[in-house]
């Protein structure tokens with residue numbers, strides 16, 4: 001059952017199934033060589049993830065829009081700021097080691113590989129989420145990140161953003177290490193606000209990106 005979910009999710013994220021594509025249980029079962037039951041379960045999970053939605057003719061790949069980007073980031077900005085503030089207050093020494101290690105990996109990531117850039121950036125954010133020691137925040141941010149997988153173009157490829165993001169991360173990590181909750185909150189908020197604006201810019205230039 002998990003294999004069908006993983007395969008279908010991967011094909012939605014990589015664009016094999018385009019935005020708005022109908023997802024017919026029988027056809028998917030034949031495609032993956034399985035019965036309809038695991039397909040039905042996979043679709044249910046993907047609906048929870050925000051990758052598929054119910055349309056007039058059954059399930060389909062969820063459509064994209066600038067309004068959705070704004071909705072996602074409105075929540076994500078708030079949660080990322082809260083996570084950073086909590087991390088500043090509650091982090092352990094091990095949390096700091098994990099965050100610093102993730103940032104060091106990001107620093108050494110090649111800018112020729114957008115997927116690796118996005119993954120390295122996500123790892124830093126996830127380490128900060130974990131350092132908040134708030135499972136609800138981690139769960140909600142993970143779900144929001146699932147929504148954003150349908151917008152595959154990374155904001156980190158916008159000219160100048162990679163270096164800027166690295167500097168913003170370092171400042172944020174320093175604030176967390178110094179247990180400056182207010183500064184960590186504001187830095188995380190501003191960091192994600194810039195990401196939102198760049199995401200909207202990318203969408204305006206190419207709605208399929």
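Derivation of every value follows stated rules applied to the coordinates shown; laboratory data play no part. As the structure is a prediction and not an experimental result, all values here were calculated from the model. As a convention, Cβ positions derive from the backbone with ideal geometry for all residues, glycine included, and neighbour counts pool all protein chains shown.
For the condition under 26 Å from residue 202 (Cα atoms) and over 20 Å from the mean Cα position of the chain (by Cα), residue 50 does not qualify. Taking the range 9-47 as the range and being assigned to a loop (DSSP other than H, G, I, E, B), free of Cβ contacts under 8 Å to residues at least 12 places away in the same chain and over 21 Å from the mean Cα position of the chain (by Cα) as the test, the residues that pass are 33, 35.
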